[in-house]
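Below is one structure, written out as structure tokens, with a few remarks after it.
Each value in this text was obtained by applying a stated rule to the coordinates, not by laboratory testing. It should be emphasised that the depicted structure is a prediction, and the values quoted were computed from it without experimental measurement. Virtual Cβ from ideal backbone geometry, glycine too; neighbours counted across all protein chains shown.
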Amino acid sequence: MKILIDECVPAGLGAVLRERGYECDTVREAGFGSKKNGELLKLAEGNWNVFLTIDRNIKYQQNVSGRKIEILILRVKSNRLPDVFAASRLMHGSTEDRSARRDRRGWPGVATTGSNTKDSDFL
């Protein structure tokens, strides 16, 4: 699984994911720094399987119908690395995939990915 990590996510998360066996790049490492979400998602399609962000507004700003990339939104208290770690079961090697269910805007169904199940959504 190839993961593209948004600029708003702490860069240290990439190192931890790599240690866990994930292939990932930050937006800056990919050369896409300062791109808007729509353009960023277009550039990411076909090169990465998952776009990882903590931007909760992306689901209201982007229509993802027909997109070829999954979007994982970590719902965290802040973008501090300890808060991101605490909310992510990726750190523990477990996710729940409900990508077959989609809402009216094309967003996949919600599945929790946090130690506290209301903290994170897999979209």
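Just round it to a whole percent: the fraction of Cα-Cα distances in region 1-65 exceeding 18 Å.
I get 31 percent for the Cα pairs in region 1-65 exceeding 18 Å.
Within a 10 angstrom radius of the beta carbon, how do 41, 4 rank from fewest other beta carbons to most?
With the fewest neighbours first, 41, 4 line up as 41, 4.
Could you list 53, 26 in order of exposure, starting from the residue whose Cβ has the fewest other Cβ atoms within 10 Å?
Going from sparsest to densest Cβ surroundings: 26, 53.
Sticking with the crude label model, points 7 Å out along Cα→Cβ, report the distance from residue 20 to residue 49 in nm, one decimal please.
Spacing of the two 7 Å Cα→Cβ label points: 1.4 nm.
Rounded to the nearest 0.05, what FRET efficiency is calculated for residue 11 and residue 65 with R0 set to 30 Å and r the Cβ-Cβ distance?
0.45
Could you compute the FRET efficiency for residue 39 and residue 80, with r as their C-beta to C-beta distance and R0 at 22 Å, rounded to 0.05?
0.20
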